[in-house]
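See below for the structure under consideration.
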Amino acid sequence: MLDIKLNLSTNKKEKPDPSKLSFGVYFTDNMFVMDYTEGKGWHDPRIEAYAPISLEPSAMVFHYAQESFEGLKAYRTADGTVQLFRPEKNAARMNKTHERMCIPQIPEEDFVQALKKLVEVEKDWVPSNEGTSLYLRPFVIATEPRLGVKPSDTYKFMIIASPVGAYYEEGINPVKIFVEDEYVRATPGGTGFIKCGGNYAASLASQVKAHDLGYSQVLWLDGVEHKYVEEVGSMNCFFKIDGTIYTAPTVGTVLPGITRMSCIELLEKWGYKVSTERLPIKDVMDAADDGKLEEVFGTGTAAVISPVGELRYEDRIAHINGGKIGEVTQKLYDTITGIQWGKIPDTMGWITKVD
Ligand SMILES: *Cc1c(COP(=O)(O)O)cnc(C)c1O
């Protein structure tokens with residue numbers, strides 16, 4: 001158990017218009033902070049005013065990117081209570097990231113306690129408009145002031161919170177995806193399976209290219225053969241081909257999404273055949289030509305489920321389900337968002353109440 005000290009902001013900011021929240025633009029009054037020092041461990045857990053922090057220009061995170069992050073949301077239900085979706089999975093995943101990045105472990109129960117306490121303190125910031133939520137961003141940075149390449153001796157663990165708008169303001173519209181055949185996101189032995197900022201820094205050039213070509217996101221192929229589908233931007237990706245639902249295996253180059261895991265659990269419960277065998281992009285495009293590519297969708301905390309209406313790979317274009325959201329995609333969306341916002345009973349044991 002952490003002994004979290006409260007030193008809260010005395011300045012209560014004005015809340016933004018809940019119909020104009022967008023994503024990650026506004027931040028709440030307070031944040032959680034805890035420090036790590038080699039020999040002493042994690043110490044001084046506290047919630048204090050959200051404010052700029054002071055670091056030496058030589059702090060290691062600025063030079064060698066030793067850092068980690070997570071993302072999850074707090075949801076307000078119809079009766080006004082606030083709840084989290086599988087936060088213990090984020091705690092476990094952050095520790096997997098830390099293993100790979102040589103960052104000290106954070107006990108899972110401390111991570112969840114810190115999240116719950118911050119949400120409790122910032123409860124008024126959890127919006128109640130349809131589809132809105134309070135996005136939570138836990139992250140750790142290496143703070144030791146030194147330019148030698150080695151794991152830092154000091155770290156800061158912080159959680160900031162941001163009220164976010166409904167992802168689909170005007171109904172769920174399928175997105176157009178560009179299949180990246182030049183740049184790669186991850187290679188075996190690398191960092192594709194963890195949440196670290198460096199993965200995103202390296203993905204920007206591809207994202208810019210896709211945007212310039214009129215596509216909203218990138219579908220990554222495997223980094224060795226450029227042959228198998230892996231994931232979409234910051235989402236895992238599912239393909240329904242001739243009745244079977246495929247998603248890439250999480251064996252080192254694909255981020256093990258909690259939404260992905262939840263979709264697989266629901267699909268198997270509903271009796272669908274789910275395959276995590278590697279799927280060649282050529283098979284996806286051929287299936288589209290044969291009329292067997294039934295549904296494609298991305299999964300992640302921000303959008304939950306994002307239907308894909310078009311895929312472009314080299315000079316081939318696949319149109320999926322007449323540009324409309326598919327039946328399984330819709331059912332997953334309704335079920336997961338229903339559980340998150342407390343509209344349907346949590347028979348899966350996925351919800352943690354904050355009060
Ligand atoms: C976070 C993330 C996901 C989605 O994970 P969720 O736990 O479902 O939000 C997928 N891919 C990448 C690269 C990510 O960083």
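The values are calculated or read from the model by the stated rules, or taken from the named source; none is laboratory data. What you are looking at is a predicted structure, and each value in this text was computed from that prediction instead of being measured. Don't worry about glycine lacking a Cβ; one is built from the backbone with ideal geometry, like all the others, and counts go over all protein chains shown. Keep in mind that these areas ignore ligands, DNA and RNA; they rest on the heavy atoms of the full protein, side chains included. Shrake-Rupley method; radii C 1.70, N 1.55, O 1.52, S 1.80 Å.
Contact annotation: residue pairs with Cβ atoms under 6 Å, 6 or more positions apart or on different chains, pairing a residue in the range 13-32 that is open to solvent by 80 Å² or more (accessible area, probe 1.4 Å) with a partner that is outside any strand (DSSP E or B), are Tyr26/Pro16.
Listed here are the residues, each with its yes/no results for (1) free of Cβ contacts under 8 Å to residues at least 24 places away in the same chain; (2) in a strand (DSSP E or B).
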{"residue": "Glu265", "(1), (2)": "no, no"}
{"residue": "Gly271", "(1), (2)": "yes, no"}
{"residue": "Glu277", "(1), (2)": "no, no"}
{"residue": "Val284", "(1), (2)": "no, no"}
{"residue": "Gly291", "(1), (2)": "yes, no"}
{"residue": "Glu294", "(1), (2)": "no, yes"}
{"residue": "Leu311", "(1), (2)": "no, yes"}
{"residue": "Ala318", "(1), (2)": "no, yes"}
{"residue": "Gly322", "(1), (2)": "yes, no"}
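The residues on offer are Ser152, Ser133, and the sole one that is small (Gly, Ala, Ser), under 19 Å from the mean Cα position of the chain (by Cα) and open to solvent by less than 30 Å² (accessible area, probe 1.4 Å) is Ser133. Pairing residues of the range 55-82 that are open to solvent by 30 Å² or more (accessible area, probe 1.4 Å) and among the small types (Gly, Ala, Ser) with residues that are assigned to a loop (DSSP other than H, G, I, E, B) and within 16 Å of the ligand (Cβ to nearest atom), at Cβ distances under 9 Å and at least 6 apart in sequence or on separate chains, gives Ala65/Cys196. Under the condition of being in a loop (DSSP other than H, G, I, E, B), open to solvent by 40 Å² or more (accessible area, probe 1.4 Å) and away from the ligand (no atom under 13 Å from the Cβ), the residues counted in the range 185-224 number 7. The C-beta contact set for the range 194-207 (first residue small (Gly, Ala, Ser), second residue within 11 Å of the ligand (Cβ to nearest atom) and part of a helix (DSSP H, G or I), distance under 7 angstrom, 6+ apart or interchain) is empty. Taken over the range 139-153, residues that are more than 26 Å from Val119 (Cα to Cα) and not in a loop (DSSP other than H, G, I, E, B) amount to 1. Taking the numbered list (1) more than 16 Å from the ligand (Cβ to nearest atom); (2) touching a Gly at 6+ places or on another chain (Cβ under 7 Å) in turn, Ala65 passes all entries but (1).
A single member of Lys227, Lys240 is in contact with a Leu (Cβ under 7 Å, 6 or more places away or on another chain), basic (Lys, Arg), away from the ligand (no atom under 15 Å from the Cβ) and assigned by TED's automatic domain parsing to the domain that holds Lys292, and it is Lys227. Scanning the range 263-285 turns up at least one residue that is crowded, with 20+ Cβ neighbours inside 10 Å, at pLDDT 95 or above and within 16 Å of the ligand (Cβ to nearest atom).
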